[in-house]
Amino acid sequence: MDTQTIERTDTDERVDDETDSDRPKFFHYVKKDKIAESAVMGTHVVALCGEVFPVTKAAKPGSPVCPDCQRIYKNLKKD
């Protein structure tokens, strides 16, 4: 009996924050001054959790927030 080994190629596993309805699964905390620039120019922003993306949707009150961003934001020192 011969055994064959199938090698897997390296994959880049990332969490997809988009849902099937084209609505983000979570909204992230980003620097305020970068939001408008990203929305107009299409540049990418970096969220507190490290996620990098262009701003395409605006969060509304009650929208789900990224748990990592929320945890980091709560631990920031408020001046």
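Readers should treat all values here as calculations from the given coordinates under stated rules, not as data from a laboratory. Since the structure is predicted, the reported quantities are computational estimates derived from the model, not experimental observations. Every residue, glycine as well, gets a Cβ built from its backbone with ideal geometry; the counts of neighbours run over all protein chains shown.
Residues whose amide H comes within less than 5 Å of that of V45, counting only those at least five positions distant or on another chain, are F53, V55 (H built at 1.01 Å from N in the peptide plane). In terms of other Cβ atoms within 10 Å, Y29, Y73 run from fewest to most in the order Y73, Y29. Here the spin labels are modelled as points 7 Å beyond Cα on the Cα-Cβ line, and at F53 and K34 they lie 1.4 nm apart.
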